[in-house]
Structure formats: C-alpha cells, structure tokens
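Remarks on the structure that follows.
The values are calculated or read from the model by the stated rules, or taken from the named source; none is laboratory data. Fair warning: this is a prediction, and the values are worked out from it, not measured in the lab. Reconstructed Cβ throughout: ideal geometry from the backbone, glycine too, with neighbour counts over all protein chains shown. Calculation scope for accessible area: heavy atoms of the full protein, side chains included, ligands and nucleic acids excluded. Shrake-Rupley method; radii C 1.70, N 1.55, O 1.52, S 1.80 Å.
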Amino acid sequence: MFNKENFALAQKIKGYGSYKKGVSDSDIHSIKKVAGEKTLKVQPTIIKNLNGYIEFISNIENSYLNPVFYRGQSNADYLLTPNCLRKNPKNEHLMIEAFTRRFYDELNKCHSSMERLMLMQHFLLPTRCLDITESPLMALYFACSHMKKFRKTIIEKEDEDWGEVVLFQETSDNAEEKPKKLKSIESSNISVIANTAFMEEEFSLWHLGARWKKDVDLGHDEKFIDLRSIVRRSYIVRVPQNNPRIKNQQGAFIMASANVAYIRGQDKECENLTKTILKENYITYHDLMKRGWDLNDTETWNLRFKKVTPYSEKNDLDIFKTDPFDLKRLFYKKDGVQQVALIHPDFKQNILAELRKFNITEDFVYPDMDNVANEISEQINK
C-alpha cells in the first residue's frame, strides 16, 4: 500500500512513512507507533475536518514571545527544502544574478541582502527562504489546496495525496534554558546566511565577509563570523508585513543554510574541519586559529565553503543526508515528541469548503488583481 521506494527515506528523515491515497487509518497508527518509539519520535494526528484540526491546534502551547509557526504542504512526502536548494544549489547564484541584472534599480533600494531575498521571494523567484506562517488556518489551507495560480494540471480527487502541517518553534540549545528570541532581519546571523545566497557554488570566507560587512557595522571582521551559520544552521525570522500577501498569509521565513566548509585538496582535513564547526553552537575563524588549525591568519581565503545538495547520498557527512538545515532543532515538540498534522486526502475538499466560510480562499491568500478576478469569475459563474 505504501510507496516502497520512498518509504524508507521518508521514515528515516521525517519520522513517519510515505503516505498515499490508499493508506488506511490503521496503517497510519502502526507507522505512528514505529515512528514514535524507534525513530524520530513523531506523533502524527490524522485530520478529517476543521473541528478536528482546531482540537489539534488547541493543544499547542503558543505565545507571542515563544510563538509556533506552521507550514502546510499538499503532499506529506515533500521534504522541507527551500525552492532554490531542491535540485542544484549552484543555480541559486545564477538565478539571483540574472534577476539582479534585470531589476538592479529596484533591488538597489533594499538596505540588506535579506531584504533583497524577501523581494525576490515575493515575486516567486526560488530562494533559500522557506515559507512558514503564524496562522494555523493558513497552513491548513496550503495543506489541502493545489493553488490554481501555480497549477499546471487539474488535480482530480482520486489523485490527491496526504497533506501535512509541520509545526516549528525556536528553541534553546540547552533544554533547561529559556527559548531564544526570534532573529530579526537585521540579525548578524541572518545577514550571514542571506549573503551566502549571493555567493557562487564555491566561495571563500573573505569573499563572504566582504559582502557581509555591507549589511552590518563596518567594525566587524570576517574572521568573527559565526561559522555554523554558514555550515548548518537555520533560524525562524519574522519579517515586515510590507505587502498584502505577507499580511494576509501572516508570513514568516525559515532562513536555511546548507554549505560545507572545506580546504582545497585536503579531503580529510576538510571533513575534520566541518565536523569541528558542526560540534559547536558558535565558532569563528579566530576560534579555529586558537585551537591550532593551520590556517593563515592573513589569507582567510584558505577557509572555503561549497554549497551542497541537501538530502543527497553523495554528501560526505551523514547529517547533510538527513538534516542539512538543522530543522529538527526547530520542530515543535511536546514531551520530546514532534507534533504534526496529516490531512486525509478524501477530506481535503470538504476542509477547503469549511475554510471558505471564514473567507480563507485563494484570492485572500494571493490578493493579486488577476487572482482576485479569477476567483470572482469562478464564484459567480459556477
């Protein structure tokens, strides 16, 4: 009944199996037991109607200072990967370069690399910003809907997949500490990750540092950059509600990083260096020098990075095959168990009809003039 080819990978990475049309509730519960006890400790809740979803959400601990964010996906088999990093990370720089060349004046009005990425994301250019929302109902809509705005073919009911709502919450590295404050778009860590997007497939710390200084205080030096923010660290970011789409969607981002440190021509040293950075919550080039790494302090280009394809079996380090963006740290957990909602495919259309009563429709999610016009036409002429 399961897609056997994807099942092992999906269970290994996401903690619950690959869900298709023919999966029964009893199958789900058997997978839930295995996932909860032997793998990633995930508790999927099966959703068949809006009331069931509201009951699920009512048990989530949420506050303004420690908010929960949501991501709805129409297919639970999808991995949590930003658009531009799904296939070939080397294309990230090429897309940004081409977009910047054509809209240089508009992008030049932005104050930082993060603002430029937000503008590109708004106009649907694939970036390393992973869309999330503070609205659980908006996430449910995304989990049930194949947006007409982006749909190439009509999705028949019998072809529907299980939907999914994944929950995120910023957590402390130490369970006994209070949760960390959310990063702002002006944060140094966010600036570092945003600027890696503008780098070529291979880049130096010096090259990144030179660009990073444009976003932050000029007194900073590239050797004091938090290297884990380059190698493997993602952060939840609340963004300015500066356009109708973000306002209606209550949008936010996860800024995702997936680059590997390496030293050219010394593969073993590259692996050891990357592992050293991964072990630390915060480590800088200066820290590495103090620990005896043979890096020339006056030639920081010796410390180089390479963008990697996430979840690829070709990756040398296992962590980049299963959790390249450090997202497990951000998953919402209750008593140590990750909580997710799985949307039964037979009930998606009914849930969308229920959401429509609360005016959560495609023209509300994407309030562009052409999209609103299409929605009005469909509603009146149906």
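What the table below lists for this structure:
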{"read-out": "Extreme residue, nearest to Leu65 (Cα to Cα), among residues of the range 217-242 that are polar (S, T, N, Q) and open to solvent by 20 Å² or more (accessible area, probe 1.4 Å)", "value": "Gln241"}
{"read-out": "Residue in the range 65-77 that is open to solvent by 10 Å² or more (accessible area, probe 1.4 Å) and farther than 25 Å from Pro44 by Cβ present", "value": "yes"}
{"read-out": "Pairs where the first residue, in the range 61-82, is more than 17 Å from Phe331 (Cβ to Cβ) and the second is open to solvent by 20 Å² or more (accessible area, probe 1.4 Å) and hydrophobic (A, V, I, L, M, F, W, C), C-beta under 8 Å, 6+ apart", "value": "Ser74/Phe142"}
{"read-out": "Subset of the range 245-266 (residues that are more than 22 Å from the chain's Cα centre (by Cα) and touching a residue at least 24 places away in the same chain (Cβ under 8 Å))", "value": "Tyr262, Ile263, Arg264"}
{"read-out": "Residue under evaluation Asp326, criteria (1) at negative phi; (2) open to solvent by less than 20 Å² (accessible area, probe 1.4 Å); (3) modelled with pLDDT of 90 or more, criterion not met", "value": "(1)"}
{"read-out": "Subset of the range 88-111 [closer than 30 Å to Tyr311 by Cβ and open to solvent by 60 Å² or more (accessible area, probe 1.4 Å)]", "value": "Lys90, Asn91, Leu94, Glu97"}
{"read-out": "From Lys214, Lys307, residue being open to solvent by 50 Å² or more (accessible area, probe 1.4 Å) and basic (Lys, Arg)", "value": "Lys214"}
{"read-out": "Those helices (runs of 4 or more DSSP H) lying entirely in the range 221-308 with at least 2 residues within 30 Å of Ala139 (Cβ to Cβ)", "value": "228-231, 244-249"}
{"read-out": "Options Asn371, Asn350: the member that is over 30 Å from Arg233 (Cα atoms), modelled with pLDDT under 90, of a type in the set (S, T, N, Q) and part of a helix (DSSP H, G or I)", "value": "Asn371"}
{"read-out": "Pairs with Cβ under 6 Å, 6+ apart, first in the range 116-137 and within 21 Å of Ile230 (Cα to Cα), second among the acidic types (Asp, Glu) and surrounded by fewer than 17 Cβ atoms within 10 Å (Cβ to Cβ)", "value": "none"}
